[in-house]
Structures are given as structure tokens and as C-alpha cells.
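J.: Mind having a look at this structure? Questions to follow.
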Amino acid sequence: MDISIVIPLYNEAESLPELEAWIQRVMKENDFSYEILFINDGSTDNSWEVIEELARNNPNVRGVSFRRNYGKSPALNTGFARANGDVVITMDADLQDSPDEIPELYKMITSDGYDLVSGWKQKRYDPLSKTIPTKLFNATARKVSGIRNLHDFNCGLKAYRNKVVKRIEIYGDMHRYIPYLAKNAGFTRIGEKVVHHQARKYGKTKFGLDRFVNGYLDLITLWFTSKFGGKPMHFFGLLGSLMFFVGLIAVMIVGFGKLWNMHNGGQYHLVTDSPYFYLALTTMILGTQLFLTGFIGELIARNSIRRNDYEIETEIEAHE
């Protein structure tokens, strides 16, 4: 099969027939073998009934329906697990992503050698309250991930080589960082294509400004786990050791200061009268806790079933 199209959705019943017809037309014009996977994320309207009707009329339509709303990441992860096409395309169900982009995305994967191609909605039909935070968010994501050539990490229109979606796990709200997840899995041939962004035709957006706050928190989590997930002692142990020794040196300075004054007949006080003593002691305690956190993290990582799960590109077997 050439293409699997994974479409997560939540309360998009009005747009689904038009979207399916549009995709079907593009597939026929380009003679692609394909499947459409609608992932109904607990919609409260009649989206699932519409999907069932589309599946009756088009054997290439498949669907999965969640009992409740889980979010876009679980929906994509479920679709990826069921995708059979050589190239997997993701798009939103609100008709803001154009299926006419699919042939070029397919070509960039199959002919140009990319592992992943992300859309860039260079001209957006969104209010400033959405576009300005989006620009700041993408600038931060480029800096942290090291993927400098992407301008729109959160664009729903993306194309993947099949083995990419089978090797990454999307959870929480990590769908914003699929290129970063792919890079961490060893898929570094990541490209970008300027795509057409259409104004929303039906319904209203399902995302609020809270997604930007959550997005930054997820980015920090992803950066930390990708850098220190397999070696937590390198972070917590180093930081804890530095804090402990800084606190120890501070305690020694306070103690030696008192001994010096006693030896020279100067005025002195109990070390517990100095606020620096308590600051130093707190620093030593925090350093010890951080060190132990790293130690416990190492024990957990050592017992992980994926501790030796390495990405192997190819292998030459011995000849008999």
C-alpha cells in the first residue's frame, strides 16, 4: 500500500464527508493505493456515525473510536500502530490542511529520501493571539531540539516513512514534538514543505492558550529525557555533588572563622547564630538528596527492559 492517512478528530462531523471526498479525489488522480484512518477521540457529536457511513461507501476508510476524549497524541499513536502504508500522512480533520499537498509530500519521502517531512503554514489564517505565541514556541523548539530547518513543529500535516511511526511512541501532548522524537530515534533526514493553510470552515478550534504553557513543559521534559534519560546520575549526581561540596566548604569557613577568633582572643558567637551556617547545611542536604535521586534513577534505568534497545540501521551477517 502506498499511503496511510491518519486523521485524529474531535467533534468534526460536518467536515468529514467533504474531507473524505477530497482525499479520495486526490488518490484517484495520482493512482495511489491508500487507506484513511479516522481516529475518533471521544467525540460528543455524531462524528462516529459519519465515519461508519463513509466506511460503508468507501472500503479504504477505517476507523477507531475512543470511549472518551484522550487527546491528539494518543489518537496519533493509535493510528500509527494500525498504519500499513509505505508513507504515513497525518492531517487535521477541520479542512485547514489541504489533501492536495499529499502527492508532493509522498514524493519527498519516496524520491527525495526524507524520513519525515513537516508542513509549514507560512501564511496562516489565525488571530494574532495564536500566531505570535506560535512563533515564540517554534523558535524555542528549534533551539532546544537542534532541528533548525523547521518553522512549524505543531503543523498537523506531516509525512513519515512507515518505519519512523513504528519506532516512536507519542504520549501526553508530545505530538507537538514528533520531529524531535524522530530525531532522538535516529531519523535525522527531516525536511519541510510550505503548505497551504485554509480558514476553518466548520465548528471552532479545540485548542486554547494553555497548550503553549503545556508545550514548554513538555519540551523541557523531552529535552531532559533525551539527554539524561539513560544516565540520570550524570545530571543529578553532578549537581548534587557540587551542591554538597559548596555547602561543606561554607560550613568549614563558618567553623574555621569561629576557631580563628577564639585563637586570637577576638569576639566570637556560636556557629548556629550565623544564618550562613543554616544556608550551608541546607545546601548540603539538598545536594545529598539530588545525589540519591540520581542513584535511584540509575537503578530504575538499569532495570528498564529497554536499556539495550538501540536503533540499528543495517547489519552484515557472517557468511557460512
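J.: Under a point-charge model restricted to the Cβ atoms of Lys and Arg (+1) and Asp and Glu (-1), what is the dipole moment magnitude of the chain relative to its Cα centre, in debye to the nearest 20?
T.: Magnitude of the dipole: close to 1120 debye.
J.: Let me ask something else. Along the charge dipole of the chain, Cβ charges K/R +1 and D/E -1, which of ASN154, GLY42, PHE235 sits furthest on the positive end?
T.: Of the options given, the answer is PHE235.
J.: Could you work out the helix-only [θ] at 222 nm for the chain, with each DSSP H run of four or more residues adding -39,500 (n - 2.57) and the total divided by the number of residues, to the nearest 500 deg cm²/dmol?
T.: The per-residue figure over the chain is -15000 deg cm²/dmol.
J.: Can I ask one more? Send over the Kirkwood Rh of the stretch 135-197, from the inverse of the averaged 1/r over different Cα pairs, rounded to one decimal Å.
T.: 12.2
J.: Which of the helices in the chain, when you take each full DSSP H run, stretch at least 15 Å along the axis at their Cα atoms and have an average Kyte-Doolittle score of -0.5 or higher?
T.: Correct list, ordered by number: 16-29, 72-82, 128-145, 210-228, 238-263, 275-302.
J.: In the structure shown, do any of LYS158/LYS231; LYS107/LYS231; LYS166/LYS231; LYS123/LYS163; LYS28/LYS135 have a Cα-Cα gap over 28 Å, and if so which?
T.: Result: LYS158/LYS231; LYS107/LYS231; LYS123/LYS163; LYS28/LYS135 exceed 28 Å.
J.: Here's a follow-up. Mind checking which of THR288, THR272, THR78 has the largest fluctuation in a GNM of the chain, springs on alpha carbons under 10 Å?
T.: Among THR288, THR272, THR78, the largest GNM mean-square fluctuation belongs to THR272.
J.: Search the structure for amide H atoms under 5 Å from the amide H of VAL61, placed 1.01 Å from N in the peptide plane, and list their residues when 5 or more places away or on another chain.
T.: ILE36
J.: In addition: Listed highest first by mean packing, meaning other Cβ atoms within 10 Å per residue, what order do 96-102, 235-241, 28-34 come in?
T.: 96-102, 235-241, 28-34
J.: What does DSSP give for the chain in terms of the percent of beta bridges that are antiparallel, rounded to the nearest 5?
T.: 30
J.: Under 10 Å from the Cβ of ILE39, count the other residues' Cβ atoms, weight Lys and Arg +1, Asp and Glu -1, and hand me the total.
T.: +2
Laboratory data are not the source of any read-out in this text; all were calculated from the coordinates shown. Only a predicted model underlies this, so the values are computations on that prediction, with no experimental measurement involved. So basically every Cβ, Gly included, is an ideal-geometry build from the backbone, and we count neighbours across all protein chains shown.
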